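Peer 1: Have a look at the structure that comes next, please.
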Amino acid sequence: MSLHTTALGSIIAILIMALVTYLTRAGGVFIMSHVPIGPKVERFINAMAGSVLVAVITPMAVQGDWGARMALVATLGVMLTTQKALAAISAGIFTAALWRLVV
């Protein structure tokens, strides 16, 4: 399937992507509304969140530049010391920006 790169084609592509995103999210909520949340399901959901985070971060650590690696180290350090996600994210962004500015 191909869409012409006109204004209408771009709008149609955006609407299709929005619909797919909505159906994915609504489908998950609908399916989980029929699943009883017991200890096993809760453990699965908690483990899944961590595995998704690792899947997102690992390629950045392996294939990223040193700015990305230093940002990961800064984020980890601040998160372990303060237990505040916003401070850790801010430290990571600041570190990456500073590294890339200096190097």
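The values are calculated or read from the model by the stated rules, or taken from the named source; none is laboratory data. If you're wondering where the values come from, they're calculated on a predicted model, not measured in any experiment. Heads up, the Cβs are rebuilt from the backbone with ideal geometry, glycines too, and the neighbour counts pull from every protein chain shown. These area figures cover heavy atoms from the full protein model, side chains too; ligands, DNA and RNA do not enter into them. Shrake-Rupley method; radii C 1.70, N 1.55, O 1.52, S 1.80 Å.
Peer 1: Could you tell me what percent of the accessible area of the chain is made up of carbon and sulfur, with a 1.4 Å probe and every protein chain present?
Peer 2: Values: 6450 of 8400 Å².
That share works out to 77 percent.
Peer 1: Also: Report relative contact order for the chain in percent, whole number only (criteria: Cα-Cα under 8 Å, sequence separation at least 6).
Peer 2: Normalised by residue count, the contact order of the chain is 17 percent.
Peer 1: Moving to a separate point now. P(r) for the range 1-53: what percent of alpha-carbon pairs falls in each 5 Å bin, starting at zero?
Peer 2: Bins of 5 Å from zero give 4, 16, 13, 16, 14, 9, 10, 9, 6, 3, 0 percent of pairs.
Peer 1: With bins 5 Å wide starting at 0, give me the P(r) of the range 48-91 over every alpha carbon pair, in whole percents.
Peer 2: The percentages, shortest bin first, are 5, 24, 23, 29, 17, 2.
Peer 1: Compare L86, L15, L72 in a GNM of the chain, Cα atoms joined below 10 Å, and give the one with the largest fluctuation.
Peer 2: Fluctuation is largest for L15.
Peer 1: Measure off 7 Å from each Cα along the Cα-to-Cβ vector at Y22 and L86, then give the distance between these two points in nanometres to one decimal.
Peer 2: Placing both labels 7 Å beyond Cα along the Cβ direction yields 3.1 nm.
Peer 1: Quick one: grab the alpha carbon gyration tensor of the chain, order the square roots of its eigenvalues as a ≥ b ≥ c, and give me rounded if a/c is under 1.5, else prolate or oblate depending on whether a/b is larger than b/c.
Peer 2: Here the chain falls in the oblate category.
Peer 1: Based on DSSP H runs of at least 4 residues, each adding -39500 (n - 2.57), what is the mean residue ellipticity at 222 nm of the chain after dividing by all its residues, to the nearest 500 deg cm²/dmol?
Peer 2: That comes out to -29000 deg cm²/dmol.
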